[in-house]
Amino acid sequence: MTFDNATELIALVNKEFKITRCNKSFAEFTQKPFQMIVGNKYTDFIPFDPEQLKQADLTTRAEIKTDTGRWLYLGCCHIQNKENAFLHTIITATDITAMKNTQHRLIESESELKKRVKDLEKFYEMAISREVKMKELKSEIAKLNKKFAKDHDQK
């Protein structure tokens, strides 16, 4: 019951990477009945490099993007018997498409924010420069007014 009611996609694969069993979520994800899944290679349904399954490591994790644009967080775990003989590999996958889309939007927002901050810094620099020039101009006008007044008083 747990196997078939898990929300994660779960498949058991043999040494040839062929699916020997999968759960209901896996079948729903592939939109195929169990009979059309069992006996086929795992990579027929989910793009994943089977060489990663052969690693000496007992557990492998990866984020992958499917051909349909969905993102999966994939986990592989080799199962051995007491004599360390290979029995099968359990492959689990969690659909993380919404999370990856949110991550992408956050990256875009951060980029846009950095651009706006840069624009504001340029504007601030320009405004400060203008203010400094205005003060210099007012000072120069004051000097000229004094000189003009002095020259006018001398006449």
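The values are calculated or read from the model by the stated rules, or taken from the named source; none is laboratory data. Just so it is clear, the model here is predicted, and its values are computed rather than measured. Here the Cβ positions follow ideal geometry from the backbone for every residue, glycine too, while neighbour counts run over all protein chains shown.
What the table below lists for this structure:
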read-out	value
Residue under evaluation F148, criteria (1) among the hydrophobic types (A, V, I, L, M, F, W, C); (2) closer than 30 Å to E16 by Cα; (3) outside any strand (DSSP E or B), criterion not met	(2)
Among residues of the stretch 81-130, those that are closer than 30 Å to R21 by Cα and surrounded by 12 or more Cβ atoms within 10 Å (Cβ to Cβ), counted	13
Search result, residues across the stretch 64-80 that are under 17 Å from the mean Cα position of the chain (by Cα) and surrounded by 12 or more Cβ atoms within 10 Å (Cβ to Cβ)	I64, K65, T66, R70, W71, L72, Y73, L74
Helices (runs of 4 or more DSSP H) fully within the stretch 1-57 counting 1 or more residues that are surrounded by 15 or more Cβ atoms within 10 Å (Cβ to Cβ) and modelled with pLDDT of 85 or more	24-30, 34-37
Check on E108, within 39 Å of the chain's Cα centre (by Cα), outside the structural domain of F26 (by TED's automatic domain parsing), under 30 Å from P47 (Cα atoms) and among the acidic types (D, E)	yes
Among residues of the stretch 84-101, those that are of a type in the set (A, V, I, L, M, F, W, C) and in contact (Cβ under 8 Å) with a residue 24 or more places away in the chain, counted	6
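For (1) closer than 30 Å to A62 by Cβ; (2) among the hydroxyl-bearing types (S, T, Y); (3) in the same structural domain as D44 (by TED's automatic domain parsing), each residue gets a yes or a no:
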{"position": "C76", "(1), (2), (3)": "yes, no, yes"}
{"position": "N84", "(1), (2), (3)": "yes, no, yes"}
{"position": "L87", "(1), (2), (3)": "yes, no, yes"}
{"position": "I90", "(1), (2), (3)": "yes, no, yes"}
{"position": "Q103", "(1), (2), (3)": "yes, no, no"}
{"position": "V117", "(1), (2), (3)": "no, no, no"}
